[in-house]
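First the structure, in the form of structure tokens, and then the observations on it.
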Amino acid sequence: CELCEAAPITERFYDDELCWIAECESCNVPIVVWKAHDPDPPEEVRVVLVSRLAEVMALHFESEWWLDDKLRSVPHHYHAHARTRGDFFRPRAGAAREGFVAERARNFFFLEHDAERLLDELTRIIGA
């Protein structure tokens, strides 16, 4: 699987025993990839993955973004993109890194700049 391979083709923002976060080679937005080859992480793992992505977004980007964890081209391995608000793709390198705001809509989570608030919101959602 190309996500299991984890070839460092683009900028790597984060890497630990659970996941890695880099610029997606296909759509040029940050992507968090669970290191387990499984499309369905337990909710507590998903919360950690999303919070790590939120931390990277807060540290490296200032633009509004939303979580897209619909598995399209790699449906057998969990990953989630931080998509820029209003866009599906982002221009490669040098894209604007402007302020980001929280919202929620339909099946997507709009995430907040503040990682602690994000964790509180995710905890509320899963009822932990």
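Just a few scattered comments:
- Selection of strands (runs of 3 or more DSSP E) fully inside region 1-70 by the criterion of at least 3 residues being more than 23 Å from THR123 (Cβ to Cβ) returns 12-15, 19-23.
- Within region 1-48, the set of residues being out of contact with any Leu (no Cβ under 9 Å at 6 or more places or on another chain), more than 20 Å from LYS70 (Cβ to Cβ) and open to solvent by 60 Å² or more (accessible area, probe 1.4 Å) comprises GLU5, PRO8, ILE9, GLU11, ARG12, ASP15, GLU17, GLU44.
- Among residues of region 36-51 that are within 13 Å of PRO75 (Cα to Cα), those with a beta-carbon under 6 Å from a residue that is not aromatic (Phe, Trp, Tyr) at least six positions away or on a different chain give the pairs HIS37/CYS1; HIS37/CYS4; HIS37/HIS77; PRO39/LEU71; PRO39/HIS76.
The values are calculated or read from the model by the stated rules, or taken from the named source; none is laboratory data. Note that this is a predicted model, so its numbers are computed, not measured. Heads up, the Cβs are rebuilt from the backbone with ideal geometry, glycines too, and the neighbour counts pull from every protein chain shown. When the accessible area is computed, the model is the full protein with side chains, heavy atoms only, and any ligands, DNA or RNA have been set aside. Shrake-Rupley method; radii C 1.70, N 1.55, O 1.52, S 1.80 Å.
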